[in-house]
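Just below is one structure, and these are the notes that go with it.
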Amino acid sequence: MPKKHLKEYHEHTTIPFPTGFLWGAATSAHQVEGHNIYNDWWEWEQRRPRQLRSGSACDQYHLYETDFDLAKELNHNAHRLSIEWSRIEPREGEFNISEIDHYKAVLKSLKDRGLTVMLTLWHFTLPKWLSDKGGWENSQAPYYFERFVQRIVPEIGEYIDLWVTINEPGVYIYKAYIERVWPPARKSLFGLIKTYLNLVSAHKKAYHFLHQSFPAGKPVGMANNIMSFEPYHKHSLTEQLAVILNDIFTNHLFYFLTQGTHDFLGINYYFHARFRHKGLIPETVGSSPQTHDVSDLGWEIYPEGIFDVLTDLSDEVPIYITECGIASTNDDRRNRFLITYLQEVARAIKIGVNVRGFFYWSLIDNFEWSLGFDPRFGLIEVDYQTQKRHIRPSAKVYSEIIKHNGIPHTLLGFIGHSAQADKILDKLHHYEKKVKFK
Ligand code: BGC
């Protein structure tokens, strides 16, 4: 076939992504490592039923090479993970050299496999000594965080390509101070505001330090939970107002307070909410399996939402989707999720949004905080009895997308206009027989 035709054929059959696009998956230390005995979560879990304790989690502390081999085998070219502050500084001001060496080995093994490394410095857990002092409510907390960052960054900096200072301050506040299902589970408006402002300050301090220590500049950002909001009735003023206020507080406030300290925007996208007024006060309309396609956690599958948030936040700085994923034991649903969400990401890129990477949440099933191990987010299934890993078919679909640096036409055929899982699964199996996965 002459070259020109080949090119046309390729363009016709694949929804392309930009050259150099980062494809990977994300995890966080406490959710996968196991036995993080010096943090606030560990202490909190001991008061909860056994099945809601992290225990050995996925034992990634020991099995990281196995997991990174799988990521590599599945064509990932990048990986997002976090380090556990409480391992590195188990007692105030005392840094554990062997744990620092452990993380050096972990990060080096990612580099040895040729993966681009995105590292999160804080992902929800605090050393117990700091939580005993009031955690993020303590006015010194940003300084303690800065001291930790100053100590660890020179040790591991050579292995890191992209820094994420902190993960989802809004979700942390919501879970810990409003729902109160995460430590410190406190009802305190003052504590909530202090925590939020200290997280703002912690991010800024880490940003400035990372720029001083690496003048050549490894990009620094943070991962923010960004939601897509909609009014139930397009012309309802109260519903529109609810959208605007929620958009400001959830999606824009942290960026506004930390202006000038983002080399990229890290977006974690999971949620879409519709507001419907009841009297004057609008409330969110829940999604249920009867009315919507939902995950095992009841979260609505709404691909258009990722397009909305990407276009809304499109700015001069690049965007990385630092998390996006679905809890489902129905892996066909995960296939459909991946294909439809990535189609929307591609649509956003096509109209000019500068998206540079996608990190599926998560590489492996893991400890889903207050919900324990039941939610299954992984591309790779974990058998918690044996710690064996099993690659799910969706991991192979994702791998196929990565291989093409785009969504092949054959995969689009799976979704059509129908949302019926069984039909799609049949087609996938048929496809798997025809296509040899790596
Ligand atoms: C968090 C993860 C969590 C995931 C799924 C994000 O809010 O960063 O730690 O497991 O969502 O709930």
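Could you work out what % of the accessible surface of segment 157-238 is carbon and sulfur, using a 1.4 angstrom probe and leaving DNA, RNA and ligands out of the count?
Carbon with sulfur: 61 percent of the solvent-accessible area.
Between S82, S370, S295, where does the largest GNM mean-square fluctuation fall for the chain, given springs only between Cα atoms within less than 10 Å?
S370
Less than 11 Å Cβ to Cβ from A327, Lys/Arg counted +1 and Asp/Glu -1: what total charge do the surrounding residues give?
In short, -1.
Quick one: net charge of E230's neighbours, Cβ under 13 Å, K/R +1, D/E -1?
-3
Place a +1 charge on the Cβ of each Lys and Arg in segment 16-434 and a -1 charge on the Cβ of each Asp and Glu, then give the dipole magnitude about the Cα centre in debye, rounded to the nearest 20.
Using Cβ point charges on Lys, Arg, Asp and Glu, segment 16-434 gives about 200 debye.
R0 = 22 Å: FRET efficiency of N96 with D132, Cβ-based, nearest 0.05?
0.75
Could you compute the net charge surrounding E239? Neighbours are other residues with a C-beta less than 9 Å from the C-beta of E239; K and R count +1, D and E count -1.
Within the 9 Å Cβ shell, the charges total +2.
Separation between the H211 and D296 pseudo-spin-labels, each 7 Å from Cα along Cα→Cβ, expressed in nm?
For the pair H211/D296, the computed spacing is 4.3 nm.
Residues of the chain: accessible area per residue at 1.4 Å, in Å²?
Value for the chain: 43 Å² per residue.
Could you sort out which of K133/K187; K175/K205; K187/K278; K104/K218 sit more than 22 Å apart by Cα distance in this structure?
K175/K205; K187/K278
Putting +1 on Lys and Arg Cβ atoms and -1 on Asp and Glu Cβ atoms, find which of Q240, P282, P169 reaches farthest to the positive end of the dipole of segment 141-285.
Highest projection toward the positive end goes to P282.
How about segment 284-388: which GluC sites (Glu not before Pro) there are in a DSSP loop, with at most 11 other Cβ atoms within 10 Å of their Cβ?
E316
For the chain, what are the DSSP H helices with axial Cα length of 30 Å or more and mean Kyte-Doolittle hydropathy of at least -0.5?
189-213
E179 versus K108, label points 7 Å from Cα toward the beta carbon: distance in nm?
Each label point lies 7 Å from its Cα, and together they span 4.0 nm.
Run the simple label-point estimate for I391 and L241 please: 7 Å along Cα→C-beta, distance reported in nm.
5.5
The values are calculated or read from the model by the stated rules, or taken from the named source; none is laboratory data. Note that this is a predicted model, so its numbers are computed, not measured. Cβ sites come from the backbone with ideal geometry, for glycine too, and all protein chains shown count toward neighbours. Note: areas computed on protein heavy atoms with side chains; ligands, DNA, RNA excluded. Shrake-Rupley method; radii C 1.70, N 1.55, O 1.52, S 1.80 Å.
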